[in-house]
Structure formats: structure tokens, C-alpha cells
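Asker: Got a structure for you, written out below as C-alpha cells; questions coming shortly.
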Amino acid sequence: MSRFAVQITRAAARDLDRLPESAREQVCQDLRTLQDEPTGSPPRVRRLKGFPFALYRLRTTDHGVLYRLDRSTVTVMRVIDWKDLARILRQT
């Protein structure tokens with residue numbers, strides 16, 4: 001099984017910096033699991049529909065992680081509070 005490279009955008013890095021220490025540790029641990037299995041299984045990982053590229057969300061702690069999957073790279077785009085993420089996705 002091949003491992004995926006996990007990249008974090010500047011926006012996602014800022015989001016991580018704003019999290020409390022305990023939540024940040026859990027999110028980082030969950031991001032490491034994306035190296036082995038980026039498409040996971042519902043309900044924690046779900047592919048989002050209506051986007052022109054493969055966009056996924058990972059539910060971790062009280063936050064959602066939006067990431068894009070390309071060939072062998074997982075690009076973490078944002079780490080957002082779960083309520084805010086749900087509201088944003090309903091608008092698209």
C-alpha cells in the first residue's frame with residue numbers, strides 16, 4: 001500500500017495554530033492517518049459532491065478538515081469549527 005504525502009496550506013496552518021492544544025494534537029494525529037487511508041470510511045470521512053475536484057471532509061474533535069486528494073498527495077485546505085463548516089457547505 002502506498003503512502004500519501006500530506007501538505008498543509010497556509011490557511012490550514014493558521015487554523016491549526018488557533019486551536020486549543022488538546023484539539024490541535026488530536027487533529028494532527030488524525031491528519032497522520034490520512035497518509036495511509038485518505039478516503040477512509042463514513043461518517044468520519046466523506047467525499048463532498050458538487051465540486052470539480054475530489055474534495056473530502058474529515059470529522060475530528062469539534063472540527064472539520066477540508067482536504068483535496070490528488071494522485072499521491074493530500075492537501076489540507078482548512079480546519080474549521082464543525083458548525084461553521086456545515087453552514088459553509090450548505091451555502092455551496
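Asker: Mind checking the log10 I(q)/I(0) for the chain at q = 0.13 Å⁻¹? Debye, one equal scatterer per Cα, no solvent, two decimals.
Answerer: The calculated log intensity ratios at q = 0.13 Å⁻¹ are -0.39.
Asker: Would you mind calculating the relative contact order of the chain from Cα pairs under 8 angstrom and at least 6 residues apart, reporting the percent as a whole number? Before the final figure, lay out the partial values.
Answerer: Numbers: 136 pairs, mean separation 28.1, N = 92.
The value is 31 percent.
Asker: Which listed residue (H63, Q91, L19) has the Cα farthest towards the positive end of the charge dipole for the range 5-91, taking +1 on Lys and Arg C-beta and -1 on Asp and Glu C-beta about the Cα centre?
Answerer: The listed residue farthest towards the positive side: Q91.
Asker: Further question: Ordered by packing density, taken as the mean number of other Cβ atoms within 10 Å over each peptide's residues, highest first, how do 34-41, 84-91 rank? Present the calculation step by step, with values, prior to reporting the outcome.
Answerer: Details: 34-41: 14.5, 84-91: 11.6.
Going by the mean number of other Cβ atoms within 10 Å, highest first, we get 34-41, 84-91.
Asker: Still on this structure: In what order do Y56, Y67 fall by count of nearby beta-carbon atoms within 10 Å, going from fewest to most? Don't jump to the answer; show the numbers that get you there.
Answerer: On the way: Y56 20, Y67 25.
The most exposed by this proxy come first: Y56, Y67.
Asker: Report the charge-dipole magnitude of the range 5-91 in Debye, nearest 20, computed about the Cα centre from +1 at each Lys and Arg Cβ and -1 at each Asp and Glu Cβ. Let's see the in-between values first.
Answerer: Values: 17 positive and 11 negative charges, 94 e Å.
Charge dipole of the range 5-91: 460 debye, to the nearest 20.
Read the figures in this text as sums done on the coordinates, not as results from a lab. Small disclaimer: the values here were computed from a predicted structure and weren't measured. Every residue, glycine among them, receives a Cβ derived from its backbone with ideal geometry; neighbour counts consider all protein chains shown.
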